[in-house]
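The values are calculated or read from the model by the stated rules, or taken from the named source; none is laboratory data. Source: prediction; values computed, not measured. Neighbour counts are summed over all protein chains in view; Cβ atoms, including those assigned to glycine, are modelled from backbone coordinates with ideal geometry. Heavy atoms of the whole protein, side chains included, go into the accessibility calculation; ligands, DNA and RNA do not. Shrake-Rupley method; radii C 1.70, N 1.55, O 1.52, S 1.80 Å.
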Amino acid sequence: MTLIAGIISRNSNHQVPVSVCDSLEQSISRNMSDKVVVFKNSSSFFVKTDIGAFGVPAFKSDKDGSITLIAGEPLLSFNDDGTRQDRQKDTDFIHKECANGNFDVFKKAQGMFCAVRYQSSDNTISLIADKLCLRPLYFWANEKYVIFASALRILEGIAEIPKQMDVRAITEIVGLGYPLGDHTPYMNVFLLKAAEIVQITEKNISRRQYWRWDEIETSSDSEENLLSELYRQFENATARRIGNDKTTLAYLSGGLDSRCVVAALHSQNVRVHTFNFSRPNTQDQIFGLDFARKINTIHEEVPKEPGNLVPDYALLMAQAWSASKNRETFPAEHPALVWNGEGGSVALGHVHINEKIVNCMRENQIDAVIREYLERESIYIPAKLFQPKVFADISKVIEEGIREELNSFNSQDAARNFYFYLMLNDQRRKLAGHFENIDLHRLELQSPFLDSSFLASIAAVPIDSCLRHKLYVKWLKLFHPAVTEVPWQAYPNHEPCPLPMPEGLAYQWSEEYQTAEKKTKKQKLMKQVSELLHTKNFPDKLLSRKNLRLVTLIHSTGWRDYDYVIEAAQIFQSYWEKCSGEYVLPSH
């Protein structure tokens, strides 16, 4: 399946509302060509749709009405050589094991997926996340019903679910770009946590994990052997995803992550259509082109619009692939599967972690860790945007939220707890937007950097050797020689590329490039904030319209850059409207 959703009645005295069933069926896909399949009985109603990206379904049912629904690809691994079963065999095996109460079967899963198991005999539903909850699964429950969906927009459209804006979660989105833990923008609507099983019966809601990352012990093996193991696991991750395919498509930027993925595919003798979406005359564009030529991919470039620093890459890829002249000449066996380097910089490069954070974590100086992280990443809440009493309630929620997450881990090396904080919050939320709109762009992801066995191998490496891409750059020597023969775009203050940099190419993290892109973005932003300031439905109870107007004036003159304040106001306004002005402030 691509998308799944449903409702069950927790009590036989309460019929499943027809209005909810209709909403689920109508909203699961916004593509009119999608076939929506329904499964129902007197106590339950489930819907699914499949874009056919994997070529085989992921559904299993019994005569008694028990069902297993899976979105994504579990990639059950029974051997240590990268081989796997196909998706339907995985589903059949999971269905059988769960029927026997063995949910530990998910420990063998290496992929991105979410699953639903419904046991009709006792009207029990189990919601299951992959080991990082990369494939989201959201749910809401009260004493009568449970409603779930693999896209938050589906739950947003159900009138029977009360919409109250969770101000704490929205504040986390403003500061961090995502809500922490299991939070969503709405009170009592939750996202499953990593490797979580939420089981709901008539009387109980239980939550447990079938896998814990912090139980992985630090290896004492030599660095040479650790690097070899990382490379072996990455090869396996690529092999188990490519199967027997001989042609596929992939993103290819001027950085290392997508380059390593394309090189791994090349080593599997796979023909690759590569696509670059950088600005012209940048390191990102030229280095991607040079590597494509070096390793002989079928390469195409689609320059992104100026001022759009983070566009919808899935939509860009869908449009470029659909229009590609090479698509028919060199067809891909699975044309809706696209390879990407997501996870490389956080998982292997250890972006966002430095020596100070590592040392402070080991000395249990959590306040210092949080302070260092927030300062390094320029994370803060614009105080003047809010009404004074509101800001008093939210001023510390990000620090408190990060502390809560850090305290939930118990690694052998305390420094690894911060790494897991990033992986289970920052990293896992990055793909939420992709899956939210998968019915529109219609592309599934193949992300070998996020393979569970590969990640477990990284977690076993002493963290000191991983910082600032140090281990990553050493790892490159195990790849095809082309990987290190073409310059790459490196992160600031991380291990530099040892090759000479061509002159005249824009560097995306330079102040000059960022300033130019923001200047292009400014006109669009000013139009949006003007509309916001004049709306009758402004969230006056939370935000100060007067201060936002002043900030906008200063921003328009170019005296100060206040785009982050304006964008924060837009986020709050968006959810204010969705919740009809209903909100809940953090409790302390």
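Things worth noting here:
- Whole-number Å³ per residue for the convex hull built on Cα positions in the stretch 167-299: 209
- Convex hull of the stretch 373-464 built on C-alpha atoms - directionally averaged projected area, nm²: 8.9
- Spin-label model, SER580/VAL36: points 7 Å from Cα along the beta carbon direction are separated by 2.2 nm.
- Between the residues PRO496, SER447, SER126, the greatest Cα displacement towards the positive end of the dipole of the chain, with unit charges on the Cβ of Lys, Arg, Asp and Glu, is found for SER126.
- Kirkwood hydrodynamic radius computed over the chain comes to 25.3 Å, based on all pairs of distinct alpha carbons.
- Area accessible to solvent at MET501, 1.4 Å probe radius, in Å²: 80
- For the stretch 508-565: Kirkwood Rh in Å [reciprocal of mean 1/r, alpha carbons]: 12.5
- Accessible solvent surface per residue of the chain, calculated while the other protein chains remain in place, 1.4 angstrom probe, Å²: 42
- Candidate residues GLU223, GLU375: accessible-area rank, largest first, probe 1.4 Å: GLU375, GLU223
- A helix-only calculation puts the chain at -11000 deg cm²/dmol for mean residue ellipticity at 222 nm, using -39500 (n - 2.57) for each DSSP H run of at least four residues, averaged over all residues.
- Of THR49, SER66, ASN102, farthest towards positive along the dipole that unit charges on Lys, Arg, Asp, Glu beta carbons give the stretch 28-104: THR49
- Relative contact order of the chain, taken over Cα pairs closer than 8 Å and 6 or more residues apart, is 17 percent.
- Charged side chains reduced to their Cβ positions (Lys and Arg at +1, Asp and Glu at -1) give the chain a dipole of some 1220 debye around its Cα centre.
- Loop chymotrypsin sites (Phe, Trp or Tyr not before Pro), the stretch 54-118 (other Cβ atoms within 10 Å of the site Cβ: 12 or fewer; DSSP): PHE78
- Taking the 1.4 Å solvent-accessible surface of the chain as the whole, the part contributed by carbon and sulfur is 48%.
- For the stretch 235-331, radius of gyration divided by Kirkwood radius, i.e. Rg to Rh on alpha-carbons: 0.96
- Here the spin labels are modelled as points 7 Å beyond Cα on the Cα-Cβ line, and at GLN387 and ARG212 they lie 4.3 nm apart.
- The calculated Kirkwood hydrodynamic radius for the stretch 350-401 is 12.3 Å, given to one decimal from all distinct C-alpha pairs.
- Candidates per trypsin sites (Lys or Arg not before Pro) in the stretch 398-486, loop by DSSP, up to 12 other Cβ within 10 Å: none
- Taking 0.36 nm per residue of sequence separation and removing the Cα-Cα distance, the VAL56/GLN85 pair yields an extension gain of 9.3 nm.
- Each principal axis of the Cα cloud of the stretch 50-90 was taken in turn, and the coordinate range along them, longest first, works out to 37, 24, 12 Å.
- Dimensions in Å of the stretch 70-178 - Rg and Dmax from alpha carbons: 16.7, 49
- Simple Cβ-charge dipole of the stretch 16-172, Lys/Arg +1 and Asp/Glu -1, about Cα centre, in debye nearest 20: 120
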